[in-house]
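Participant: Quick one: this structure, given as structure tokens, is what I'll be asking you about.
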Amino acid sequence: MLSSKVFSELLLEKGFDFYAGVPCSLLSGLIQIIDNAPETPYFPAVREDAAVGLCAGAYLSGKQPVLLMQNSGLGYCLNAFTSLNLIYKIPVLVIMSWRGEDGSDAPEHIIMGEINQKLLQTSSMEYSVLSAENYQESLNMACQIIDKGLPYTLLVGKGYFNEGH
């Protein structure tokens with residue numbers, strides 16, 4: 001487990017200054033911290049592909065965006081990533097909750113939990129699975145890829161971020 005506050009401060013130190021996404025209970029602690037901080041605006045979206053668009057617009061206006069989403073929304077936004085972000089080199093840090101990790105979750109999350117990494121690989125999108133041991137290294141790698149104009153995904157398992165601390 002990692003403190004949502006510590007991670008949000010690390011994101012701010014790295015220059016991330018725009019947040020959009022679709023709420024997920026696994027990310028609720030992080031979203032709560034970001035939403036309550038005046039220096040980090042959070043824009044909720046109705047679908048993940050709409051959040052991709054918000055982040056693309058933010059990047060084009062000079063912001064460094066973060067997309068917060070549940071992995072079940074990956075299917076909705078793959079076309080946006082492949083036909084917008086990857087083609088036009090529009091970077092975004094994606095923090096994606098991993099529902100269905102290890103086959104344990106509500107039934108509707110199991111299949112996407114099994115294939116989300118394969119979908120990212122097939123789409124040529126790099127990612128890391130966050131842990132308490134690798135979060136700084138993973139975020140540094142994300143920043144290197146983002147500096148090349150590409151999206152990078154941090155997969156977050158259940159219980160990784162604590163509730164708003």
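Participant: Condition (residue is touching a residue at least 40 places away in the same chain (Cβ under 8 Å) and of a type in the set (A, V, I, L, M, F, W, C)) applied to the range 103-112: is it met by at least one residue?
Facilitator: yes
Participant: List the number of the failed condition for residue 19; all other conditions in (1) at pLDDT below 95; (2) outside any loop (DSSP other than H, G, I, E, B); (3) under 14 Å from the mean Cα position of the chain (by Cα); (4) not hydrophobic (A, V, I, L, M, F, W, C) hold.
Facilitator: Going through (1) at pLDDT below 95; (2) outside any loop (DSSP other than H, G, I, E, B); (3) under 14 Å from the mean Cα position of the chain (by Cα); (4) not hydrophobic (A, V, I, L, M, F, W, C) one by one, residue 19 breaks only (1).
Participant: Looking at the structure I just gave you, is residue 80 buried (at least 18 other Cβ atoms within 10 Å of the Cβ), of a type outside the set (Lys, Arg), outside any loop (DSSP other than H, G, I, E, B) and touching a strand residue (DSSP E or B) at 6+ places or on another chain (Cβ under 9 Å)?
Facilitator: no
Participant: Can you tell me which residue in the range 119-156 is farthest from residue 28 (Cα to Cα), limited to those that are in contact (Cβ under 8 Å) with a residue 60 or more places away in the chain and assigned to a loop (DSSP other than H, G, I, E, B)?
Facilitator: 149
Participant: So which of 85, 116 is in contact with a helix residue (DSSP H, G or I) (Cβ under 6 Å, 6 or more places away or on another chain), closer than 20 Å to residue 51 by Cα, of a type in the set (S, T, N, Q) and part of a helix (DSSP H, G or I)? Can you show your working first?
Facilitator: Details: 85 fails: in contact with a helix residue (DSSP H, G or I) (Cβ under 6 Å, 6 or more places away or on another chain).
It is 116.
Participant: Can you work out which of the residues in the range 83-114 that are modelled with pLDDT of 95 or more and over 15 Å from the mean Cα position of the chain (by Cα) is surrounded by the most Cβ atoms within 10 Å (Cβ to Cβ)? Before you say what the answer is, go through the steps one by one.
Facilitator: Within the range 83-114, the first condition is being modelled with pLDDT of 95 or more, and the residues that meet it are 83-96.
Then drop every residue that is not over 15 Å from the mean Cα position of the chain (by Cα), which leaves 83-84, 86-89.
Details: 83: 10, 84: 18, 86: 16, 87: 9, 88: 11, 89: 11.
Across the range 83-114, the extreme among qualifying residues is 84.
Participant: Which condition number in (1) touching a helix residue (DSSP H, G or I) at 6+ places or on another chain (Cβ under 8 Å); (2) more than 26 Å from residue 109 (Cα to Cα) is the one that residue 30 fails?
Facilitator: It fails just one condition, (2).
Participant: Does the range 36-52 hold any residues that are modelled with pLDDT of 90 or more, crowded, with 16+ Cβ neighbours inside 10 Å and not in a strand (DSSP E or B), and which are they?
Facilitator: If the condition is that a residue be modelled with pLDDT of 90 or more, crowded, with 16+ Cβ neighbours inside 10 Å and not in a strand (DSSP E or B), then 45, 48, 49, 50, 51, 52 are the ones that fit.
Participant: Checking residue 64 against (1) touching a Phe, Trp or Tyr at 6+ places or on another chain (Cβ under 8 Å); (2) over 16 Å from residue 153 (Cα atoms); (3) of a type outside the set (Phe, Trp, Tyr); (4) surrounded by fewer than 20 Cβ atoms within 10 Å (Cβ to Cβ), which single condition isn't satisfied?
Facilitator: If we test residue 64 against (1) touching a Phe, Trp or Tyr at 6+ places or on another chain (Cβ under 8 Å); (2) over 16 Å from residue 153 (Cα atoms); (3) of a type outside the set (Phe, Trp, Tyr); (4) surrounded by fewer than 20 Cβ atoms within 10 Å (Cβ to Cβ), just (2) comes out false.
Participant: May I ask you to list the residues in the range 1-16 that are more than 18 Å from residue 91 (Cα to Cα) and either of a type outside the set (A, V, I, L, M, F, W, C) or in a loop (DSSP other than H, G, I, E, B) (or both)?
Facilitator: Within the range 1-16, 1, 3, 4, 5, 8, 9 qualify.
The values are calculated or read from the model by the stated rules, or taken from the named source; none is laboratory data. Computed from a predicted structure; not experimentally measured. Using ideal geometry, Cβ is built from the backbone for each residue, glycine included, and neighbour counts are taken over all protein chains shown.
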